[in-house]
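The values are calculated or read from the model by the stated rules, or taken from the named source; none is laboratory data. The structure presented is a predicted model; accordingly, all values stated were derived computationally and were not measured. Cβ coordinates were reconstructed from backbone atoms using ideal geometry, including for glycine residues, and neighbour counts include every protein chain displayed.
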Amino acid sequence: MKYCLILIAILFSNQAVALDCERQPTCAELGYSTQDNPNCLDDGYLICPFDSNYKKCVNFNCESLGFTQSDKSAWCKNIAACPNNKNYTACIKATCEIGDVYYSDGSCGLVEDYISNNQNKIPVGVVFYVTDNGYHGKVISLKNLTSDDNTYRFDPQNPYNNSYQFLVYGLWDDKGHIEGLKRYTLEALKADAFNRSSELFNGAKNTDILAKAISKNERCLSGQYQEGTKDYHQYCIPNAALATRAFYPPEVSADNKFVGQGKWYLPAIGELMDLYGYDFNQITGLTGTDGMLGNIKEIVNKTLESLKAKGVDAEKFTEQYHYWASNQTETWFFKLSMVNGSRDEGALNNYARASLEF
């Protein structure tokens, strides 16, 4: 029986071999050889666990799997060596931490361990909130979403580089009167922040409500604003919500099961507060900078800057303007400043980033 378990544990076997489980299999029976393979890469061999003279070409190299030769001892708690070249190592992370890079395969990693030639791990965002000891959390996209400068249309195939840098919220004449969305007062904000209520921290749910909203403004209902025009996107449809639902990161397919289209949403104001960093006990107003610390934004921005230095299309948070939230006050829509963390109410032109849960 013990040799059966050994057989199960051996990786990269090319074919099953009928063996007696009462004796140890030979390396030759498992497909290993003492001969060199002229088509094998320098680090493309797997060594037989029973006899190091035998090897098998699996024809991958350590770098393609994310292993590097850099010294990771100063910052990594769990270092794994490449199975066929011990000089190459990788930092193995079972859970996620704030400031981690979030990848297209649903995994997290320290930005120090990112390598640019691993097509299996495309960076798509940065972790800004974790729960369940890091097994679940929330991610923010690498750049601001943009739209066309003539119609405010959002292009999911070109989400970062349209010529118009802002996203209008949409539903503008209806202001904050969206059915199904809670209208926040100071008392409601403090109560929901204390209890981490889903409405204050559930941008995914809020975005779904917004995306289905139809403007009740007479000019929209009568068709006065032509579909696809600037006025139509500004007044009649939930532009920012629809943009985040249509978003998926560049270099990633729309149907990616971890980060594809439909996985992203417009963050709630509580999630933007998490992203910035705040102290609940210091909140005294519905709007304003009270309680906002900025400590998490610094961590996230540091990762974004490091990714950019490594050649990734990433930008730290823009500080001149506010970022849209998917909550409403009694009269307008929430937004949050990345200059000082100020919670404010809507204006026409603000930035937007997409978020997702894992």
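Residues in segment 261-278 that are under 19 Å from A352 (Cβ atoms) and surrounded by fewer than 24 Cβ atoms within 10 Å (Cβ to Cβ) were compared, and the one that is nearest to the chain's Cα centre (by Cα) is K263.
Yes/no matrix, rows are residues, columns are (1) at pLDDT below 95; (2) among the aromatic types (F, W, Y); (3) under 28 Å from N162 (Cβ atoms); (4) not in a loop (DSSP other than H, G, I, E, B):
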site: K297; (1), (2), (3), (4): no, no, yes, yes
site: T303; (1), (2), (3), (4): no, no, yes, yes
site: K308; (1), (2), (3), (4): no, no, yes, yes
site: K316; (1), (2), (3), (4): no, no, yes, no
site: Y323; (1), (2), (3), (4): no, yes, yes, yes
site: S326; (1), (2), (3), (4): no, no, yes, yes
site: K335; (1), (2), (3), (4): no, no, yes, yes
site: N350; (1), (2), (3), (4): yes, no, yes, yes
site: L356; (1), (2), (3), (4): no, no, yes, yes
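Taking segment 216-231 as the region of interest, how many residues are in contact (Cβ under 8 Å) with a residue 12 or more places away in the chain and closer than 23 Å to G262 by Cβ? So the count comes out to 1. Return the residues of segment 98-138 that are among the small types (G, A, S), at positive phi and surrounded by fewer than 16 Cβ atoms within 10 Å (Cβ to Cβ); say none if nothing qualifies. Within segment 98-138, G106 is the sole residue that qualifies. Run N281 past the list (1) surrounded by 15 or more Cβ atoms within 10 Å (Cβ to Cβ); (2) out of contact with any Asp or Glu (no Cβ under 7 Å at 6 or more places or on another chain) and report the number of the one that doesn't hold. N281 satisfies every listed condition except (1). Here Y164, Y160, Y169 are screened, and the one residue that is modelled with pLDDT of 90 or more, buried (at least 21 other Cβ atoms within 10 Å of the Cβ) and of a type in the set (F, W, Y) is Y169. Tell me the residue from Y152, Y164, Y160 that is out of contact with any Cys (no Cβ under 8 Å at 6 or more places or on another chain), without any contact (Cβ under 8 Å) to a residue 24 or more places away in the chain and not polar (S, T, N, Q), please. Going through Y152, Y164, Y160 in turn, the sole match is Y164. Residues that are over 28 Å from the mean Cα position of the chain (by Cα), in a helix (DSSP H, G or I) and within 17 Å of W332 (Cβ to Cβ) within segment 180-204 comprise L186, A188, listed in sequence order. Residues in segment 194-233 that are small (G, A, S) and under 19 Å from L266 (Cβ atoms): S197, S198, G203, A204, A211, A213, S215. Figure legend. Inter-residue proximity from segment 240-266: first residues without any contact (Cβ under 8 Å) to a residue 24 or more places away in the chain, second residues hydrophobic (A, V, I, L, M, F, W, C), beta-carbon distance below 8 Å, spacing 6+ or different chains. Indicated pairs: G260/V252; G260/A254.
Would you mind stating whether L145 is closer than 21 Å to N78 by Cβ and in contact (Cβ under 8 Å) with a residue 24 or more places away in the chain? Answer is no for this residue. Taking the conditions exactly as written (over 26 Å from the mean Cα position of the chain (by Cα), outside the structural domain of I296 (by TED's automatic domain parsing) and at pLDDT 80 or above), does D43 satisfy them or not? No; evaluated as a whole, the condition is false for this residue. Give the residues of segment 92-104 that are part of a loop (DSSP other than H, G, I, E, B), of a type outside the set (A, V, I, L, M), modelled with pLDDT of 90 or more and out of contact with any Ser or Thr (no Cβ under 8 Å at 6 or more places or on another chain), sorted by residue number. C96, E97, S104 - these are the residues of segment 92-104 that are part of a loop (DSSP other than H, G, I, E, B), of a type outside the set (A, V, I, L, M), modelled with pLDDT of 90 or more and out of contact with any Ser or Thr (no Cβ under 8 Å at 6 or more places or on another chain).
Results for (1) acidic (D, E); (2) farther than 28 Å from V312 by Cα; (3) touching a Leu at 6+ places or on another chain (Cβ under 7 Å), shown as yes or no for each residue.
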| position | (1), (2), (3) |
| --- | --- |
| T26 | no, yes, no |
| L46 | no, yes, no |
| V58 | no, yes, yes |
| D71 | yes, no, no |
| A74 | no, no, no |
| P83 | no, yes, yes |
| N118 | no, no, no |
